[in-house]
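Participant: Structure in structure tokens, see below.
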Amino acid sequence: MTISAGTTSAVAPQTGAPPAHLRVREHTIEIVSDSGEGAQKCGQIFAAVSAKMGNGIWTVEIIPAEVQPPPRVPEGASGNRIRVGAGPVTNWGDQTDLVVAFNEQALLARHRVGALAPDAILLIEEMWATSQDPAIVAAWEAAMEELSTREYRIIPVPMQEQCLTLVENPRKGKNMFALGMLAYIYDRDMERIRDQIATAFRKKSEAVYDSNVSLVNLGYQWAQEHIGFRIDVPPAPIDTPLVVMNGNEAIGMGAIAAGFELCAMYPITPATSVSHYLSEVFERFGGVVHQAEDEIAAAGVAIGASYAGKVALTITSGPGLALKTEFLGLAIMTETPLVVVDVQRGGPSTGLPTKVEQSDLLAALFGQPGDAPHVIVAPATIEECFHVMITARRIAETFRAVVMVLTDANLATGVAPYPRPTLDSQWQAAPIDLAPVGDSDLPYAWEEETGLSRRIVPGQPGGMFTLTGLSHDERSKVAYSSGIHQHSSAMRSRKLAVLQSVLTPPVVYGDEEGGDLLVVGWGSTKGAIEEAVDRVRADGLKVSSLHLRFLSPLEPGIKAILQRFTKVVAVEINYSDDPDAPYITEENRRRGQMAMLLRSSTLVDVDSWTRVPGEPLRPGSIVTAIRERVLSGGAA
Amino acid sequence: MLSDPRVAVALDALAQPIAEFRAAVEGALTQASGFLDAHHASPAIRASRAAFELGEFATGRIDAGRFATLFPPLGSGDPASLAMLDRAVQTLEAVNGEASDLFVTEVTEGRKLGATIDAALARAGQAFGAIVLAELIRAGRYDAATHDRLLDPAEFRTWNRAERRFAPPLVIVLRGADLHSGALTDFADGRAKLVLVVSGPCAPAPLARCITPGTFVMQTVDGAGLDQVASFDGPAIVAMVPEGCTTFTHDPRGGAEGWQRLSIGTNAVAPKAPIDGISVWQMAEDVRLLTDLARTPFSVPARDGTGTPAIGAEDAVDRVTQWLLGQTGLQDGA
Amino acid sequence: MSLSCELLHVIQRKGSDEPYGMDSYEGARARWCAGCGDHGILTAVQRLLAAEQLVPEQTVFVSGIGCSSRFPHYLKTYGFHGIHGRALPVSTGIKLHRPELSVFTVMGDGDCTSIGAAHWIHALRYNVDLTVMMLDNAIYGLTKKQTSPTTPQGTVSNTQPRGSYLPAMNPLSVSLGVTNASFVAQTAEWVPAHLYATLRAAYQHKGTSFVRILQRCPVFTPEIFASAVRDPSQIALLVHDDGVIVPEIEKIYKTQIHHDPRDLAAARHYAESDDRIHLGVFFRDPSRPRYEETRRTTPRTPTERNTRLEEEFDKYAV
């Protein structure tokens, strides 16, 4: 955290000295508590208000694995982490500069995972230090001991005591008190905070609103009287209207904007919140969220609806994608348009249900037995999560294809503002090419050159054919001769080449002409990779990056781009063997998934740097990796 | 009379079929005008259109110009067909632009109920013609000799089965004196939904004669039960009658027997004086017909739960019948 | 979209109101073995389609995998021949969004009660208006004689050569145990008049009508119902005005039980009784809610959708 370095030393002691104003380009804040104490609400409101004031923000949730973990245990830490910037913020950053913690165990958890900057400011509920329970006091003292190994600045706060002056049950009030403290420290607009509280608690009574506002005021006053510093992250003026949401909400809205009429799903983390959002609003748009009996049925219902001429979507995460595999093969074989969203999480098996990973790429691409060509796209930002749905639908229908959209838990739960989309009613139009079929029309009238054919939908006179998952000819007659399977396979495959022919080469971030190192990424890592590239370029390194959106077919011209750089490394959140690890050789090393894909399609010696920490990559760790690659001889 | 608050109640109850009809018209319009644009448009315009359709994610990633050439527009672009399609689009735009006027009509002085309904539905018939025409042209199968009359207003009696299934719902405002059930039965087909908003002196059970086993027929005063109309998958005729008229619901989903389908709320008395051309005898006959239909067979005892006779115990019906007949001065069996 | 399709249907037929004959629904030549019960079922279905005058392009047959699942190929209607055990989710997807289409689902016993068992149970519960035919020959035929859940215990097969280990599953009592199931019937391929009448009742029922069709496989289970075929007294007909009544077979099948299909307890009793094979409608309740009705939404035009989406964006606006 170069930018905020020096923060701590500049913080005035809690004496009567005039408050110090720190002006920084960015600051990262966490609010952590036991689950159920509302830290996330506090974080969300703080982030929304900051965005409204014109700051760039990126919010991530800190989620425990259980719904109700026992209180005061490090594994129970729950809350939000908000990176606030003077300009746009594209990723969650490196380490946290200021924490509000409702108990010392939650704080300890963040300390232990290395989330906190060495000089972080820690505002901690102090009631535990004087607890009647000696075990709690002992735990507090041990925690303070452990925390004292760093240069943290610890500020005890009597949250409980203060909240008790206003409410009977402070467990429900500390979050608003904390919000008030943050509002003072970061000089947030109180009017906007009140508006945001009204929005956040719109389903509750007016008394709830009043009580929350008084708690915020109390926190603000307390901070004003007891905290001797303020931190100024100057907002940038907003010249375009913005919306702020997480990636799953963006996908839900994108699905509505793109004219989807059905979202068939089965509950699975971290994909489900798309369905939560759509369940809330979809019926107002004439849409239906169908919660099927299982992942397989969800795919089947979506395929049935699509076959019947509707625009259908199914949404899942890795384990669900595995279950849907056979149905996806059927959609590909029958050339039934289908959009599948896979919000990736850690795997294999149940893996890390709530945590980010990018390890479904190859399963998404090659998971269906037999040759099953289909399209895969990966949005890189929350904004792209919205817009990708429109493109995905159009491609699915034009090419009669399965289009998989790969996002991940980082995009799903990350919250950031983006320009409010300008809607187009063309996006909503009924599926293309539903004109009546003639007597000579066939269900797979493949155009020899392109493999494209027109779709026939039940109800169209003259189109009474039976689509089948068996190998078939143009009339959908089951193929009993070898030539038919060869030809129909070629037709299905050619569609991908045709799609690739209309794609444009990706743009290099940095130096198009080439350089010492090219970092290749895909999906949610874009912000962190580009920030890392910026930092090392500022130090004079000849490093650029390339971020891919189309993963099947790959965008054209990639080989030529890769060849302009001395070294190429794919940076991903999936597992790869460390080249220096025992037994690992150049030959047996298992590389990251994008690296494998690029190596096979370009024959360029693409190196792999990947991590599976169960959290988004930090720009700082990518910087370190880049330096190693450029400065060292470079592992293969 | 169109300002009658009951019109809004009726339109509200018909929201679903109205929305279905409008969505169909607007959908057809989008496709037809898209087709026209595609044929008239230069490659550059087609490219910018494709760029719009592909959305922002595709900006800078998909060459919209090349994408647009992947699928040449369907059908023939011959000038005669395109000119006809242009007319079809105009018709659809006009129908689409008429908002709720399309779904409300009024029997004005000197007009007949049947003619009024016909005139209102003919407009919708024109939209059907336009939709078919657009599809034929898009499929390259338009034949001027066979299809040139498709854009003419089309009376309901000329509608085919499909058109009748998609008939738009209609709210008709009229005086009780203009309510002749004979004019209505012609329209009880497909999924036609007619809601009459009646004011002024009115026969007690004017819709009794509209009852056939497959038609949903209802008389209501306050609009209660109107919500059942939209969900019924067949023809429905409903009258929102003035206070004092009989209220009843004949729902074909109730069962095979008349008494299972028919439930009578309040049973009114036939007036002793004629209402314009409607005689006392006619009005009494309506009431009697209704009572007969609701008659529970003696062999079926009343029981709880499913299969309960619609209007309760047998003797009650008899009593009402006797009383009604007494009121009209007619002998039993006359 | 469905509107223009329906309207076009009439143009296509040039205004002709000539009724559809059974031949109007004939697809490819059936390739089942000679003597296979599927042939008779296909004929009964064609007879039903003609009797109901179903418009071919508004009729969809969905199937899974197995001998019986070739069904759609042999009809001239729309067809979707999917994957093993999964015909019901596809059917649900079609009917949910195109309620105006008549949707039939054809499955075999392994297809429905083994690999597709979850979908079977849930489809009954959704109660979408589908006509579901489970062609039960108590064996996997296409893959050459493997034990299925309905194979009688002790039957020798290629996977259980010392006789199948488990008692056969009873698809009727399973179906009758599912909450919201609305139509459960059983018929037999060798009683064509009853087969036809049952399918017709199933089609006319609004909701998921589950029909188990007992069927002989001439190659692998030719003897399975042999004694019942030879001896009609082993069969009892469930008769009722609300079920099926087939007067022309009453002389042969003399055991008739008056059974009100609303009586679930009696239905379960007959489903579980071993003394005879019961044919007829076991249970029928047209008042059960249908999922496609429950979930019906008002269609919105693109303009309306975008107006409402703008309102959504307002909630997230900065």
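Participant: Heavy atoms only, probe 1.4 angstrom, no DNA, RNA or ligands counted: give me A:K495, B:K112, A:K41, C:K315 ranked by accessible area, highest first.
Facilitator: The ordering from most to least exposed comes out as B:K112, C:K315, A:K41, A:K495.
Participant: Take chain B, connect every pair of alpha-carbon atoms lying under 10 Å apart with a spring to form a Gaussian network, then pick out the residue of B:V197, B:V173, B:V132 with the largest mean-square fluctuation.
Facilitator: Highest fluctuation of the listed residues: B:V132.
Participant: What accessible area, summed over both chains, is buried at the C-A interface (1.4 Å probe, Å², nearest 100)?
Facilitator: 5800 Å²
Participant: Same structure again: Classify the range C:148-250 as rounded, prolate or oblate, taking a ≥ b ≥ c as the square roots of the eigenvalues of its Cα gyration tensor: rounded when a/c is under 1.5, otherwise prolate if a/b is larger than b/c and oblate if not.
Facilitator: Because a/c hits 1.5 or more and a/b fails to exceed b/c, the range C:148-250 counts as oblate.
Participant: Moving to a separate point now. Under a Cβ-Cβ cut-off of 14 Å, what is the net charge of the residues other than A:Q291 that fall near it, where Lys and Arg count +1 and Asp and Glu count -1?
Facilitator: -3
Participant: With a 10 Å cut-off between alpha carbons and a GNM built on chain C, which of C:N137, C:N170, C:N306 moves the most?
Facilitator: Judging by the Gaussian network model, the answer is C:N306.
Participant: With each label point set 7 Å from Cα along the Cα-Cβ vector, what nm distance links A:E587 and B:D222?
Facilitator: Between A:E587 and B:D222, the simple spin-label model gives 8.8 nm.
Participant: Quick check: Cα centre of the range A:322-338 to Cα centre of the range C:278-303, how many Å?
Facilitator: If we compute the Cα centre of each part, the gap is 27 Å.
Participant: Below 8 Å between Cα atoms, with a sequence gap of 6+, how large is the relative contact order for the range B:19-168 in percent?
Facilitator: Values: 140 pairs, mean separation 42.1, N = 150.
Reported as a whole number, the value is 28 percent.
Participant: Let me ask something additional. Give the shape of the range C:20-296 as rounded, prolate or oblate, defined through the alpha-carbon gyration tensor: a ≥ b ≥ c are the square roots of its eigenvalues, a/c under 1.5 means rounded, and otherwise the shape is prolate if a/b is larger than b/c and oblate if not.
Facilitator: rounded
Participant: Further question on the same structure: Step through the residues of the range A:456-467 one at a time and calculate ³J(HN,Hα) from phi using the Karplus curve (6.51 cos²θ - 1.76 cosθ + 1.60, θ = phi - 60°), rounding each to whole Hz and writing x for Gly and Pro.
Facilitator: 10, 10, x, x, 6, x, x, x, 6, 10, 10, 6
Participant: Could I ask something else about it? In terms of the Cα gyration tensor, with a ≥ b ≥ c the square roots of its eigenvalues, is the range A:7-232 rounded because a/c is under 1.5, prolate because a/b exceeds b/c, or oblate?
Facilitator: Here the range A:7-232 falls in the rounded category.
Participant: Could I ask something else about it? Running a GNM on chain B with Cα contacts under 10 Å, which residue among B:P168, B:P201, B:P72 ends up with the highest mean-square fluctuation?
Facilitator: Greatest mean-square fluctuation among the candidates belongs to B:P72.
Participant: About its Cα centre, how strong a charge dipole does the protein assembly as shown have in debye, to the nearest 20, once Lys and Arg get +1 and Asp and Glu get -1 at the Cβ?
Facilitator: 1780 debye
Participant: Any idea what the relative contact order of chain A is, in percent, if you count C-alpha pairs under 8 Å spaced at least 6 apart?
Facilitator: On the way: 1366 pairs, mean separation 71.6, N = 636.
Once normalised by length, the contact order is 11 percent.
Participant: When only the heavy atoms of the protein chains count and the probe is 1.4 Å, how do A:H374, A:H276 rank by accessible area, highest first?
Facilitator: A:H276, A:H374
Participant: Given Cβ point charges of +1 (Lys, Arg) and -1 (Asp, Glu) and nothing else, what value in debye, to the nearest 20, does the dipole of the range C:20-296 about its Cα centre take? Before the final figure, lay out the partial values.
Facilitator: Values: 27 positive and 25 negative charges, 126 e Å.
Using only the charged Cβ atoms, the result is roughly 600 debye.
Participant: Report, in whole Å, the centroid distance computed from the Cα atoms of the range A:193-241 and the range A:556-620.
Facilitator: Centre-to-centre distance over Cα atoms comes out at 45 Å.
Participant: Among DSSP beta bridges whose residues both lie in chain C, state the antiparallel percentage, nearest 5.
Facilitator: Around 20 percent of the beta bridges assigned by DSSP in chain C are antiparallel ones.
Participant: Over the whole of A:303-315, what's the average partner chain Cβ count within 10 Å per residue? Rounded to a whole number, please.
Facilitator: 6
Participant: Moving to a separate point now. Counting only other residues whose beta carbon sits under 10 Å from that of A:L179, what net charge do I get with K and R as +1, D and E as -1? Walk me through the numbers before you get to the answer.
Facilitator: On the way: positive: A:K41, A:K174, A:R188; negative: none.
Spelling it out: positives minus negatives among the neighbours equals +3.
Participant: Using only alpha carbon pairs under 8 Å that are at least six residues apart, calculate the relative contact order of the range A:508-631 and give it in whole percent.
Facilitator: Here the relative contact order equals 30 percent.
Participant: Quick one: which residues, 5+ away or cross-chain, put their amide H under 5 Å from the amide H of A:D187? H built at 1.01 Å from N.
Facilitator: Long-range HN contacts for A:D187: A:I231.
Participant: With all protein chains present and a 1.4 Å probe, how do C:I252, B:I275 order by accessible area, largest first?
Facilitator: Descending order: C:I252, B:I275.
Participant: Next up: Please determine, in degrees from 0 to 90 and to the nearest 10, the orientation of helix C:302-316 with respect to the longest principal axis defined by the Cα atoms of chain C, where the helix direction is its Cα long axis.
Facilitator: Between helix and principal axis, roughly 80 degrees.
Participant: A further question follows. When the dipole is taken about the Cα centre of chain A, and only Lys, Arg (+1) and Asp, Glu (-1) are charged at their Cβ, what size is it in debye, to the nearest 20?
Facilitator: 660 debye
Participant: Okay, moving on. Can you flag which of A:K203/A:K355; B:K193/C:K206; A:K41/C:K315 are past 26 Å Cα-Cα?
Facilitator: Violating the 26 Å Cα-Cα cut-off are A:K203/A:K355.
Participant: Per DSSP H run of at least 4 residues, take -39500 (n - 2.57); add these up for the protein assembly as shown, divide by its residues and hand me the 222 nm value, nearest 500 deg cm²/dmol.
Facilitator: Numbers: 43 runs with 484 residues, N = 1288.
Mean residue ellipticity at 222 nm (helix-derived): -11500 deg cm²/dmol.
Participant: Once both axes come from the Cα atoms, what is the angle between helix C:2-12 and the longest principal axis of chain C, in degrees from 0 to 90, rounded to 10?
Facilitator: That helix lies at roughly 70 degrees to the long axis.
Participant: Let me know the mean shielding of A:392-398 by other chains, meaning the per-residue number of their Cβ atoms within 10 Å of its Cβ.
Facilitator: Details: counts 4, 3, 8, 4, 0, 1, 6.
Average per residue, whole number: 4.
Participant: Lys/Arg Cβ at +1, Asp/Glu Cβ at -1, dipole of the range A:508-631 taken about the Cα centre: which of A:F550, A:S600, A:V520 is farthest positive-ward?
Facilitator: Farthest along the dipole direction, towards plus: A:F550.
Participant: In whole Å, what is the distance between the alpha-carbon centres of the range B:222-291 and the range C:43-119?
Facilitator: So the separation of the two Cα centres works out to 41 Å.
Participant: Still on this model: Any chance you could look up the accessible area of A:R475 with a 1.4 Å probe, heavy atoms only, rounded to 10 Å²?
Facilitator: Only protein atoms counted, so the area is about 120 Å².
Participant: So in the protein assembly as shown, what percent of DSSP beta bridges are antiparallel if you round to the nearest 5?
Facilitator: The antiparallel proportion sits near 30 percent.
Participant: Now, a different point. Compute, for A:D195, the solvent-accessible surface of its heavy atoms (probe 1.4 Å) with the complete set of protein chains present, and express it in square angstrom to the nearest 10.
Facilitator: Approximately 80 Å² of A:D195 is accessible to the 1.4 Å probe.
Participant: Further, regarding this structure: Give, as a single signed number, the net charge of other residues whose beta carbon lies under 9 Å from the beta carbon of C:S182, with Lys and Arg counted +1 and Asp and Glu -1.
Facilitator: The answer is +3.
Participant: Once Lys and Arg get +1 and Asp and Glu get -1 on their Cβ, which of B:Q126, A:L617, B:M283 lies farthest toward the positive end of the dipole of the protein assembly as shown?
Facilitator: Among B:Q126, A:L617, B:M283, the one farthest towards the positive end of the dipole of the protein assembly as shown is B:Q126.
The values are calculated or read from the model by the stated rules, or taken from the named source; none is laboratory data. Note that the coordinates shown come from a computational prediction; the quantities given were computed from them, not determined experimentally. Glycine gets a Cβ as well: all are built from the backbone with ideal geometry, and neighbour counts include every protein chain shown. Each accessible area value is taken on the protein alone, full model and side chains, heavy atoms only, with ligands, DNA and RNA left out. Shrake-Rupley method; radii C 1.70, N 1.55, O 1.52, S 1.80 Å.
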